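Reviewing the structure listed below.
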Amino acid sequence: MAKIISGKEISQSIKEQLKEKVASFETKFGRKISLAVILVGENPASKVYVKNKILSTEYVGMKSLAYYLPENSTEEQVIELVKTLSSDNSVDGILVQLPLPKHLSENNILKHIAPEKDVDGFLPENVGKLLLGQESTIACTPFGVIKMLEYEGIDLEGKSAVVVGRSNIVGKPMAMLLLQKNCTVTICHSKTKNLKEVCSSADVLVAAIGRPKFITEDMVKDGAVVIDVGINRTEAGLVGDVDYEYVSKKASFITPVPGGVGPMTIAMLLENTYLSALRREDNGI
Ligand code: GUN
């Protein structure tokens, strides 16, 4: 049976450490760290995520600014708000909750976030720096996965890592981070021909496909470390991308859904906000 990597437990420990770091920041610089969250429209899942982000922001002692814009907001209206927050010196981080309503262009809006306040690590400046191995803000979900692997003391050096999924938010930055850890990295996607063989060769398998129970036992090597990034809402409740019941019998480590990668994402958002605030003080911006 695999050891369960508890994102719930690890994220709690990160948040407790952050509480202390945030308090020290306030004493040193005489101001609160603040995170602005923008939600456009009524997507029910997004509403839950945003509420949890706000509660966690306050829990670690940061100031939370929440902006709820109506579904029919124009691109100009959202951009106006993003620009105002970008030039507001008291704001350290800006998060635009995705997905946006269909009539709004993600790129057109996100590009107005000041790169030093891009706590999601979505902007080309941050993605480019990650690729080049320079200090940058790393997208919260893959950053959280790396923290979990570090927390469990899992040695990544020279290991074969397979990432299933090539999204800009998870798959691509995940692959980059594993490469930085000296893994031999393969990225698989919907057009990959011999998916089962490639997955079966992985010492570390990261599933970020968005299909319930897609990774089955026959796709996993004995003793592999299996990280499940999927959060699929099914009639049976929240289900990951990994067929947990059977895969957990084969893996050495596995993340559950819920209680795995999910809670880590919020903890890393707060860590990124703290790091952004520190960098802004250090660079005088
Ligand atoms: N929607 C789903 N995940 C995320 C995330 O990490 N950041 C933002 N901004 N929106 C999301």
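Taking a sphere under 13 Å around the Cβ of Thr184 and counting the other residues whose Cβ falls inside, with K and R at +1 and D and E at -1, yields a net charge of 0. For the chain, a Gaussian network of Cα nodes joined below 10 Å ranks Lys172, Lys129, Lys117 by mean-square fluctuation, and the top entry is Lys129. A simple spin-label model places the labels of Arg279 and Leu238 2.9 nm from each other, with each point 7 Å out along Cα-to-Cβ. For the chain, the residue among Asn232, Leu178, Ala66 whose Cα projects farthest onto the positive side of the dipole built from Cβ charges is Asn232.
For the residue pairs Lys8/Lys181; Lys191/Lys250; Lys21/Lys129; Lys21/Lys221; Lys83/Lys172; Lys53/Lys191, the C-alpha atoms sit more than 30 angstrom apart in Lys21/Lys221; Lys53/Lys191.
Full extension of the chain between Tyr68 and Glu150 gives 25.9 nm of extra length, using 0.36 nm per residue less the Cα-Cα distance. Comparing Ile266, Ile254, Ile109 in a Gaussian network model of the chain, where Cα atoms under 10 Å apart are tied by springs, the biggest mean-square fluctuation is seen for Ile109. The charge dipole of the chain, taken about its Cα centre with unit charges on the Cβ atoms of Lys, Arg (+1), Asp and Glu (-1) only, comes to about 120 debye. When its C-alpha radius of gyration is set against 2.2 N^0.38 Å (N residues), the chain gives a value of 1.01. Measure out, as a whole number of angstrom, how far apart the alpha-carbon centroids of region 208-285 and region 56-92 sit. Using only Cα atoms to place each centre, the spacing works out to 27 Å. Here the simple spin-label model places points 7 Å from the Cα toward Cβ, and for Glu20 and Glu80 these points are separated by 4.6 nm.
A Förster radius of 30 Å, combined with the Cβ-Cβ distance separating Asp222 from Ser13, puts the computed FRET efficiency at roughly 0.50. The protection proxy used here, the mean number of other Cβ atoms lying within 10 Å of each residue, ranks peptides 185-192, 273-280 as follows, highest first: 273-280, 185-192. What residue among Asp218, Asp241, Asp92 shows peak mean-square fluctuation when the chain is described by a Gaussian network model with Cα springs under 10 Å? Highest fluctuation of the listed residues: Asp218. When the alpha carbon gyration tensor of region 212-285 is reduced to an equivalent ellipsoid, its three semi-axes come out at 34, 15, 8 angstrom, largest first.
Throughout, read-outs are computed from the coordinates displayed, never taken from laboratory work. Here the structure is a predicted model, which means the values were calculated and not measured. Methodologically, a virtual Cβ is constructed for each residue, glycine included, from the backbone with ideal geometry; neighbour enumeration extends over all protein chains shown.
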